[in-house]
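A.B. asks: This is the structure I want to talk about, given as structure tokens.
The values are calculated or read from the model by the stated rules, or taken from the named source; none is laboratory data. Values in this document were obtained by computation on a predicted structure and should not be read as measured data. Cβ sites come from the backbone with ideal geometry, for glycine too, and all protein chains shown count toward neighbours.
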Amino acid sequence: MDSISVKTNRTVTLIGKNGQASGVLADLSIENAGVQSPRGARVGTELELAFEIPTSEYFRSLKILGKVTHRHNNDQGVYLKLHFQNITPIQRQYILEFIEYKQRLSQMSQKRQSHF
């Protein structure tokens, strides 16, 4: 079962054996990342994801190995779903803090909208 996923729009670098590409981190959970990329990769390909997220104290830079589990073309290039491999407990904690941050923003936005 997949964990809670949040939508985001953060810059990510995908690093593979044959080069690297910049993309957009479209969604994130403690198990997976969805990336919008100008370059595709085959299902089963291992890529390192390098990105920065706000946590409870600071912005944290993360580098996590992921394996492509899904891909499809769209009008923005290629959407890749990557399952994290060997994520450390501290990386998991940083992602969880980011998810909680995004959930708080969503709740505050909903409260503001209910006042109008």
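A.B. asks: Pick from the stretch 48-86 the residues that are among the aromatic types (Phe, Trp, Tyr) and farther than 16 Å from residue 27 by Cβ: which of them is modelled with the highest pLDDT?
C.D. replies: Taking the stretch 48-86 as the starting set, the residues that turn out to be among the aromatic types (Phe, Trp, Tyr) are 51, 58-59, 79, 84.
So of that shortlist, the ones also farther than 16 Å from residue 27 by Cβ come out as 58-59.
Working: 58: 92, 59: 95.
Selected residue: 59.
A.B. asks: Now for a different question. Failed condition for residue 43, given (1) modelled with pLDDT of 95 or more; (2) within 11 Å of the chain's Cα centre (by Cα), with all others met?
C.D. replies: Single failed check for residue 43: (2).
A.B. asks: Residue 87 passes all but one of (1) free of Cβ contacts under 8 Å to residues at least 60 places away in the same chain; (2) outside any loop (DSSP other than H, G, I, E, B); which number fails?
C.D. replies: (2)
A.B. asks: Please specify each residue of the stretch 87-114 satisfying the condition of being polar (S, T, N, Q), modelled with pLDDT of 90 or more and out of contact with any strand residue (DSSP E or B) (no Cβ under 6 Å at 6 or more places or on another chain).
C.D. replies: Taking the stretch 87-114 and keeping what is polar (S, T, N, Q), we get 88, 91, 93, 103, 106-107, 109-110, 113-114.
Then keep just the ones that are modelled with pLDDT of 90 or more; that gives 88, 91, 93, 103.
The answer is 88, 93, 103.
A.B. asks: Taking residue 81, is it touching a residue at least 40 places away in the same chain (Cβ under 8 Å) and out of contact with any helix residue (DSSP H, G or I) (no Cβ under 6 Å at 6 or more places or on another chain)?
C.D. replies: Judged against the criteria, residue 81 is a match.
A.B. asks: Report whether or not residue 37 is closer than 13 Å to residue 95 by Cα, touching a residue at least 12 places away in the same chain (Cβ under 8 Å) and small (Gly, Ala, Ser). Don't jump to the end; show me each part of the working.
C.D. replies: On the way: closer than 13 Å to residue 95 by Cα: no; touching a residue at least 12 places away in the same chain (Cβ under 8 Å): yes; small (Gly, Ala, Ser): yes.
Here the answer is no, as residue 37 does not meet what is asked.
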